[in-house]
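The values are calculated or read from the model by the stated rules, or taken from the named source; none is laboratory data. Everything numeric in this text was worked out from a predicted model, so none of it was measured. Because the Cβ atoms are built from the backbone with ideal geometry, glycine has one as well, and the counts that use them run over all protein chains shown. Note: areas computed on protein heavy atoms with side chains; ligands, DNA, RNA excluded. Shrake-Rupley method; radii C 1.70, N 1.55, O 1.52, S 1.80 Å.
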Amino acid sequence: MPVLHTPALTSGRRPLTALLTAALLLGAAVGAGSTTAATAATGTGTGTATANATAAHADEPGWTAEPAAGGAGPARPYFYLSGPAGTVLEDRLALTNSSDRERTVTLRGADAYNTADGALAVRPAEPPAAEGRGGTARGAGSWISFGTATTVRIPPRTRAVVPFTVTVPPASPPGDHPAAVIAAEDGREAGVRVHLRVAGPTLAALTVEDVSVHGKGARAVVAYTLVNRGNVALVPELALRAEGLFGEVPGRTARALPVELLPGQRVSLTEPWPGAPVLDDVDLTLTVTAPGAAPATAGASAWFVPWGIAARTGAGLLGLGAVALAALLLVRKRRARGGGPAHEEPVPAGKRAPEHELTGASR
């Protein structure tokens, strides 16, 4: 597939930032027939790339990668492709070199996935020997091909438009197949998100599991696990309700979570709970919803005891008890030494009152 080179437009515009850190443009979940804005991701070393920006830019002027403009429409933050299994889909990647030296960029496709904490990432490149014999490049990333244009030389102040294809295997299941187009130069990578949907029935389904509470009061945190059991990406919302011994406890109203949960993925998240009590026995219920999916609920019970106050109170009570016991022992000891009350005087034998026999008879 031919690569089209055109002069880069720089007059009247701010210089484009160089693409020197690994980035993956990450969009929000793709609903049935609709998509939302994308976010970007940066990665480390040989591992993954996580989301943190809305464009694939580097820290200094150099080059950028983005979807080629489709006519007079607005710029696209990511690729969106859809079609039935067994078809070949096409699109174009734009590489813009705004620097004063030639750039050599290599291109590849990669699978996208969720890390354990919910961030979006891409699979690292595999050696050619690993492909086809049990490697990890089996998802939609392996369907992307640049033909002979896997290495592109971009002259200074020039934009290169590179076509690529996505060949959907005939047996591909319907639903979302997240992937990315990765551009690399001198060991640094950047990627543009590819929203790929295979036509057919879709299912939005998720569950919430492993709920637990850590901390108390304003520092309380609820930990839980979300699992996407459907075949479309989801942006879930979470609500928290709590019931204590004396009635309802302040929870959390429903809010969108800052995570896009890809099909078949499991993530472990935490939710701050500033309304948690300091002293109570609470039954907690988490409710998670997503467009098109049935609500998922899970619960947990937690005791909230202010152990620091309890310890200080217990120590004070023990101290009072010790003082009272010491005073009682001291009084008993003094009585035992004196043999009787000190203010009583002995009575002479002749002056003792006569003793009377208690017979009940009057005298």
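Structure summary
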quantity: Long-range HN-HN contacts of Gly230 with modeled amide H, under 5 Å; calculated: Ala205, Gly264
quantity: Interchain or long-range residues, amide H under 5 Å from Gly118's placed H; calculated: Ser268
quantity: Using a Förster distance of 22 Å, the FRET efficiency for Thr115-Val221 (Cβ separation, nearest 0.05); calculated: 0.70
quantity: Other-chain or far-sequence residues with amide H under 5 Å of Arg108's (modelled H); calculated: Ile182
quantity: 3J(HN,Hα) from dihedral phi, segment 250-265, Karplus parametrisation 6.51/-1.76/1.60, rounded to Hz, x for glycine, proline; calculated: x, x, 9, 6, 4, 8, 6, 7, x, 8, 9, 8, 7, x, x, 9
quantity: Order of exposure, largest accessible area first, which applies to His177, His195 with probe 1.4 Å; calculated: His177, His195
quantity: Pair Asp283, Ala199: separation of 7 Å Cα→Cβ label points (nm); calculated: 5.0
quantity: With every protein chain in place, segment 185-239: carbon and sulfur % of accessible area (1.4 Å); calculated: 49
quantity: FRET efficiency, 1/(1 + (r/R0)^6) with R0 51 Å, evaluated for Thr87 and Phe246 via beta carbons; calculated: 0.25
quantity: Vicinal HN-Hα couplings computed from phi for segment 84-99 (Karplus, 6.51 cos²θ - 1.76 cosθ + 1.60; Hz; Gly/Pro x); calculated: x, 4, x, 9, 10, 9, 10, 7, 9, 9, 9, 10, 10, 9, 9, 8
quantity: Karplus (6.51, -1.76, 1.60) ³J(HN,Hα), θ = phi - 60°, over segment 182-196, in Hz, Gly and Pro reported as x; calculated: 10, 10, 9, 8, 6, x, 10, 10, 8, x, 10, 5, 10, 7, 10
quantity: Gained length - Thr207 relative to Thr148, 0.36 nm times residue gap less alpha-carbon distance; calculated: 16.9 nm
